[in-house]
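The values are calculated or read from the model by the stated rules, or taken from the named source; none is laboratory data. Quick caveat: nothing in here was measured; it's all calculated off a predicted structure. Positions of Cβ are backbone-derived with ideal geometry, glycine not excepted, and every protein chain shown enters the neighbour counts.
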Amino acid sequence: MRTSEKLYSDGCAVIAVLATSGSASIEGAKKLSMADVAIAVALANELRERFCEYVHLDPFTVPDPFTDKDDCTYAVALDRENLNRVVAMFANKKETLPQLPWSTVLGERLAKVSFSKQDALALKRELMPKETNNFYPYRRNGRISGYVMFAFQICGQR
């Protein structure tokens with residue numbers, strides 16, 4: 001994978017920045033100010049526009065993709081200027097090919113970091129404590145290729 005694609009397959013280095021203790025990025029997410037959330041929401045809107053140039057985003061949310069079946073890979077889009085700002089969370093179906101042009105979708109400001117299913121679920125629960133129907137399915141060639149949750153959906157616990 002080329003480094004110019006802004007895709008980080010190993011989130012360990014980023015996790016160290018995101019978390020002061022506990023699981024990945026939970027502590028960092030808890031410390032976000034309202035201004036940080038507003039910036040993440042604006043970035044999420046821009047990301048959604050670029051993302052929809054390559055996929056069809058369904059208009060309604062579906063049950064969360066954290067099932068017992070292991071058919072997804074998980075990643076988050078982070079703001080490079082403040083890695084605690086989670087802009088979106090992706091659950092991509094494993095069999096989906098070809099890959100999206102992530103460097104174009106993310107632009108210069110965002111980075112995509114892979115997460116384990118457990119870390120992604122913990123982060124999702126911090127940002128969106130509602131237990132279900134948090135993710136929009138997205139389709140390529142008529143088939144669901146994955147699911148996405150954007151920062152503008154965040155309703156975290158305060």
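State whether one or more residues within the range 55-70 are surrounded by fewer than 19 Cβ atoms within 10 Å (Cβ to Cβ), acidic (Asp, Glu) and in contact with a strand residue (DSSP E or B) (Cβ under 9 Å, 6 or more places away or on another chain).
yes
Which one of Thr132, Thr104, Thr73 is hydroxyl-bearing (Ser, Thr, Tyr), within 25 Å of Lys30 (Cα to Cα) and loosely packed, with under 14 Cβ neighbours inside 10 Å? Can you show your working first?
Numbers: Thr104 fails: within 25 Å of Lys30 (Cα to Cα); Thr73 fails: loosely packed, with under 14 Cβ neighbours inside 10 Å.
Sole residue among the options that is hydroxyl-bearing (Ser, Thr, Tyr), within 25 Å of Lys30 (Cα to Cα) and loosely packed, with under 14 Cβ neighbours inside 10 Å: Thr132.
Given the conditions (1) under 21 Å from Thr132 (Cβ atoms); (2) touching a Lys or Arg at 6+ places or on another chain (Cβ under 7 Å); (3) among the charged types (D, E, K, R), and given that Asp36 satisfies all but one, which numbered condition is not satisfied?
Of everything listed in (1) under 21 Å from Thr132 (Cβ atoms); (2) touching a Lys or Arg at 6+ places or on another chain (Cβ under 7 Å); (3) among the charged types (D, E, K, R), Asp36 misses just condition (1).
Before we move on, is Thr61 farther than 14 Å from Phe115 by Cβ and among the β-branched types (Val, Ile, Thr)?
On the way: farther than 14 Å from Phe115 by Cβ: yes; among the β-branched types (Val, Ile, Thr): yes.
For Thr61, the condition - farther than 14 Å from Phe115 by Cβ and among the β-branched types (Val, Ile, Thr) - is met.
Within the range 112-129, is even one residue modelled with pLDDT of 90 or more and more than 13 Å from the chain's Cα centre (by Cα)?
Within the range 112-129, one or more residues are modelled with pLDDT of 90 or more and more than 13 Å from the chain's Cα centre (by Cα).
Only residues that are within 20 Å of Asn84 (Cα to Cα) and either crowded, with 20+ Cβ neighbours inside 10 Å or out of contact with any helix residue (DSSP H, G or I) (no Cβ under 6 Å at 6 or more places or on another chain) (or both): list them for the range 135-158, please.
Kept after step one, since they are within 20 Å of Asn84 (Cα to Cα), are these residues of the range 135-158: 148-158.
Result: Val148, Met149, Phe150, Ala151, Gln153, Cys155, Gln157, Arg158.
Each row is one residue, and each column tells you yes or no for (1) in contact (Cβ under 8 Å) with a residue 40 or more places away in the chain; (2) out of contact with any Pro (no Cβ under 9 Å at 6 or more places or on another chain).
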site	(1), (2)
Leu121	yes, yes
Arg125	no, yes
Lys130	no, yes
Phe135	yes, no
Arg139	yes, yes
Ser145	yes, no
Val148	yes, no
Ala151	yes, yes
Ile154	yes, yes
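Report those strands (runs of 3 or more DSSP E) wholly inside the range 37-131 carrying at least 1 residues which are among the small types (Gly, Ala, Ser) and within 17 Å of Phe152 (Cβ to Cβ). Reasoning before the result, please.
Values: elements: 72-79, 82-93, 110-115.
Answer list for the range 37-131: 72-79, 82-93.
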